[in-house]
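Visitor: Before I ask anything, here is the structure I am working with.
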Amino acid sequence: MKKHPATAAIHAGEFEHHKPSTSSVPPINMSTTFLVDPETPFSANLLEEDAPFIYTRWGNPTLKLLEEKVASLEGGEAGLVFSSGIAAVTSLMNYKLKSGERVLVSDIAYAGVREFGNHYLKKMQIEVVPVNMSDLDAVETELQRGAKLVFAETPCNPIVRLTDLREVAKLSHQYGAVLAVDSTFASPMATRPLELGADYVIHSLTKYMGGHGDAIGGAVVGSKAEMDKLRATVLIHQGAIMSPFNAWLINRGLVTLPLRMKQHSENALQLAAFLQDHPNTKQVIYPGLLSHPQYELALRQMDLFSGMLTLQVDNPVKVLARINEHLKTVHYAVSLGHHKTLMYYMDTEALNESSFQMSSTQMEDYRRYAGDGIFRISVGLEFIEDIIEDFRQLLD
Ligand SMILES: *Cc1c(COP(=O)(O)O)cnc(C)c1O
């Protein structure tokens, strides 16, 4: 029976994987190796469906627990966890793509994903095509030219523009491609891409899933057959394995994911409304605001609007100069999805040069969201008035 997310976040995978222990809370299993029967095959290529644990790079009870919990929250058959979010992305790409093939990637996505495409995938002679995934005509045009994989990120980092996953999944399949979705900004409490037709979901578990800023990790969720192959052909051999200690921390963080996401969303909506009305701000983009260019899609595709928003001001240099003195609660730092409110400035030209390398039409659309630059804000779980007070002081 499918568990409600509030229950799955607490129970999924838990008890099965720490028998014969009777502890209510899962113990950490840090063992790198396991006692095996002399009959057990050694090679990863020979691993059977119900193979016992042999060596932690191939599988471990604490990792398995987390894999099952993440899969359960996404409504997928199976999950795999990795040492980082970027390892989850690059492992899936290594698994799906070979030289001569094309991959369509959100033109605006986590900068590391775009940089991986621009450098490593190009070197492997894989053609990386950046596409504005909010433009379905652009997606279809590129699909007509042939693609193996479509890689969409929604809401995308940093401008929180959305991709209509149901439509992009339909188009991808129509043209023989598969769809992978980086759902880090949404979390399964907002959007479950597999239910909308995606073939794979990816998370940086470092962000909302872990939620406490103390463990780096990543995950891919998909069909059991595909996850078995991804494990055997890439994860085990490229070795981007998660530490069981991090898995234990992230599993502990996931317990409160449903509660945290509600509060992140509530706080973000209040901060977004405050900033939007503030005389010294220029534009605020948040999927939960009527002013978001895709508000209708946000209502359709997101059960809650998550905690990520962007702020544009007339004079970012002045605001940046006030940060050290005026931020008492908010941290000026990269990353997101933590209990603490984080913000970071992203200059449009600099980001384009280092990572996005957009065409002029792509840049035009980006500027509609971000102008010359934006403060990306990950709204935390602090008392909302304390968060707002920091911005009141900062923008004064
Ligand atoms: C942070 C992030 C990643 C990379 O994750 P790491 O855990 O830092 O490796 C990938 N995608 C998105 C959307 C992210 O925000």
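Visitor: State whether segment 6-74 is rounded, prolate or oblate according to the following rule on the C-alpha gyration tensor (a ≥ b ≥ c being the square roots of its eigenvalues): a/c under 1.5 gives rounded; otherwise a/b larger than b/c gives prolate, and the remaining case gives oblate.
Guide: Here segment 6-74 falls in the prolate category.
Visitor: Of the cross-linked pairs LYS122/LYS207; LYS69/LYS224; LYS98/LYS122; LYS262/LYS328, which ones have a Cα-Cα span greater than 18 Å in the structure shown?
Guide: LYS122/LYS207; LYS262/LYS328
Visitor: Based solely on its DSSP helices, what 222 nm [θ] is calculated for the chain when runs of n ≥ 4 H residues each add -39,500 (n - 2.57) and the sum is averaged over all residues, nearest 500 deg cm²/dmol?
Guide: One gets -10500 deg cm²/dmol as the mean residue ellipticity at 222 nm.
Visitor: Continuing with this model, one more query. Take ILE250, ILE236 and order them by how many other Cβ atoms sit within 10 Å, fewest up front.
Guide: Lowest to highest Cβ neighbour count: ILE236, ILE250.
Visitor: Ratio of segment 294-396's C-alpha Rg to 2.2 N^0.38 Å, to two decimals?
Guide: 1.17
Visitor: Return one quarter of the surface area of the convex hull spanned by the alpha-carbon atoms of segment 244-347, equal to its mean projected area, in nm².
Guide: Seen from a random direction, the Cα hull of segment 244-347 projects 8.3 nm² on average.
Visitor: Principal axis lengths of segment 189-269 from Cα atoms, whole Å, largest first?
Guide: 42, 33, 16
Visitor: A further question follows. Does the chain classify as rounded, prolate or oblate by the C-alpha gyration tensor (a ≥ b ≥ c root eigenvalues; a/c under 1.5 gives rounded; else a/b over b/c gives prolate, otherwise oblate)?
Guide: Because a/c hits 1.5 or more and a/b fails to exceed b/c, the chain counts as oblate.
Visitor: Next question, about the same structure. With a ≥ b ≥ c the root eigenvalues of the C-alpha gyration tensor of segment 93-139, is it rounded (a/c under 1.5), prolate (a/b larger than b/c) or oblate?
Guide: It comes out oblate by the Cα gyration axes.
Visitor: With a sphere of radius 13 Å drawn around the Cβ of LYS328, what net charge do the other residues whose Cβ falls strictly inside it have (Lys, Arg +1; Asp, Glu -1)?
Guide: -3
Bear in mind these aren't lab numbers, they're just calculated from the coordinates by the rules spelled out. Only a predicted model underlies this, so the values are computations on that prediction, with no experimental measurement involved. For neighbour counting, all protein chains shown are included, and Cβ atoms are generated from backbone atoms with ideal geometry for every residue, glycine included.
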